[in-house]
Amino acid sequence: MAQPPEFLSHRYVDARGLRMHIAEAGTGPLVLLLHGFPECWYSWRHQLLALAEAGYHAVAPDQRGYCRTGGPAGPGEYTILHLTGDVIALLDALGEQHAVVVGHDWGAPVAWHTALLRPDRVRGVIGLSVPYRPRGSSQPTQAMRASFGDGYYMLYFQQPGVAEAELEANPRQTFLRILAGGSGEAEPWIPVVPPGSGFLDTAAEPPRRPSWLTSDDIETFVTEYATAGFTGPLNWYRNIDRNWELTAAWHHAPVSVPALYIAGDRDLVLAGAGGPAVLPKLRAFAPLLREPVLLTGCGHWTQQERPEEVSTAVIGFIRDLDLLTERGRR
């Protein structure tokens, strides 16, 4: 039986100058849990306790710009090098040489790039929703505009102040629409903003909450976002072209550490990447990728929609790594 929420602890660590908030549970080998947008440490509430019960030290930070961590005001300090640097700084602050790094949504590219840039510090990497995508040959915003038009939500997010004003106007509606819209229980969501509309207009108000999402969950996200707001999280999107420029040395480079990919078959990200048919091709970019885990009927919010299945897959992958490590010591 998983430990109740009161067994979670919260504290701040100095991640090389960034005052980073972390939620943690358990003792043992370190597992870092990196959230996406618009989330925070709370999106890992189920896995924190399951990992602790399984004998691991589970740590879920609020990443740069988010919630209790907050961060710099300037968008230039939210590049993928800053974000992966924060992961390594967190490892150092915790006194750990290695960790298994798990990421969902935006946290997945951070996890994949931490494994790519610092494989000496990553025992294994798990991406939820977003697969590893090597650096391509064209600027990301150009490719998005060619594929989806000017209204694609990541392009809409490029405009300073516009998305912030929309998302912060009614935070409860923001979280309800985004979390419900991306759920496997909703109709397919196409996040392309029509002229004169906003991002939230692409996700209609649901007639009811998804079965996995409670009113307390929504209130928690509203409370966590109340101080820092949305500018820091949106600044991640405002660096996608800059990230492409900064990672030129890793053009088409594979991830070399043991890896796992978990996604819902109703995830809009997987659909945009080519659907389940893309799964057999992922090993070309991550040679040590285990068999991907595809969750039937699950949408984008993988670890919240299917907590037990995700926890089981994550723990199984890590235990396999533990066995390999133990054999290597003999």
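Would you pull out the residues with amide H under 5 Å of VAL293's amide H, same chain only if 5 or more places away, H placed 1.01 Å from N?
When sequence neighbours closer than 5 places are left aside, the close amide H contacts are TYR261, ILE262, ALA263.
Roughly speaking, what is the stretch gain from VAL278 to MET154, that is 0.36 nm per residue apart minus the C-alpha to C-alpha distance, in nm to one decimal? Let's see the in-between values first.
Details: separation 124, 0.36 × 124 = 44.64 nm, distance 2.22 nm.
That pair, VAL278 and MET154, stretches by 42.4 nm at full extension.
So what's the net charge close to PHE199: Lys and Arg +1, Asp and Glu -1, counting the other residues with Cβ under 10 Å from its Cβ?
Net charge in that neighbourhood comes out at -1.
By what distance, in whole Å, do the Cα atoms of the chain stretch along each of the three principal axes, largest value first?
For the chain, the Cα spread along each principal axis is 64, 46, 42 Å.
May I ask what percent, to the nearest 5, of DSSP beta bridges between residues of the chain are antiparallel? Spell out each step's value before the answer.
Values: 12 of 34 bridges.
Among the beta bridges of the chain, antiparallel pairing accounts for roughly 35 percent.
Only bridges with both residues in segment 22-164 count here: give the DSSP antiparallel percent, nearest 5. Please report the intermediate quantities before stating the final value.
Numbers: 4 of 17 bridges.
Bridges in segment 22-164 are about 25 percent antiparallel.
Tell me, what HN-Hα J-couplings in whole Hz come from the Karplus equation 6.51 cos²θ - 1.76 cosθ + 1.60 at θ = phi - 60° for each residue of segment 217-227, using x for Gly and Pro?
My calculation for segment 217-227 gives 4, 5, 4, 5, 4, 4, 5, 5, 8, 4, 8 Hz in order.
Please work out how much length the chain gains when fully extended from GLU205 to HIS10, using 0.36 nm per residue of separation minus the C-alpha to C-alpha distance, in nm with one decimal. Show your work: numbers first, answer last.
Working: separation 195, 0.36 × 195 = 70.20 nm, distance 3.32 nm.
Answer, rounded to one decimal: 66.9 nm.
Could you give me the ³J(HN,Hα) list for segment 36-52, computed from phi with Karplus coefficients 6.51, -1.76, 1.60 and θ = phi - 60°, whole Hz, x at Gly and Pro?
Taking θ as phi minus 60°, the curve returns x, 10, x, 10, 6, 3, 5, 5, 9, 4, 6, 6, 4, 6, 5, 5, 4 Hz for segment 36-52.
Using 0.36 nm per residue, how much length does the chain from THR220 to ASP265 gain when fully extended, once their Cα-Cα distance is taken away?
Details: separation 45, 0.36 × 45 = 16.20 nm, distance 2.73 nm.
Length gained between THR220 and ASP265: 13.5 nm.
Per residue of segment 88-95, what does 6.51 cos²θ - 1.76 cosθ + 1.60 with θ = phi - 60° give for ³J(HN,Hα)? Whole Hz please, x for Gly and Pro, Karplus curve as stated.
Once rounded to whole Hz, the list reads 5, 5, 5, 4, 4, 5, 8, x.
Can you list, by residue number, the Cys in the chain that have no neighbouring cysteine C-beta under 4.7 Å?
Cys with no partner Cβ under 4.7 Å: CYS298.
Read-outs throughout are calculated quantities, based only on the coordinates presented, and are distinct from any laboratory measurement. Given the structure is predicted, the values throughout are model-derived calculations rather than measurements. When we count neighbours, we look across all protein chains shown, and the Cβ atoms used for this are built from the backbone with ideal geometry, even at glycine.
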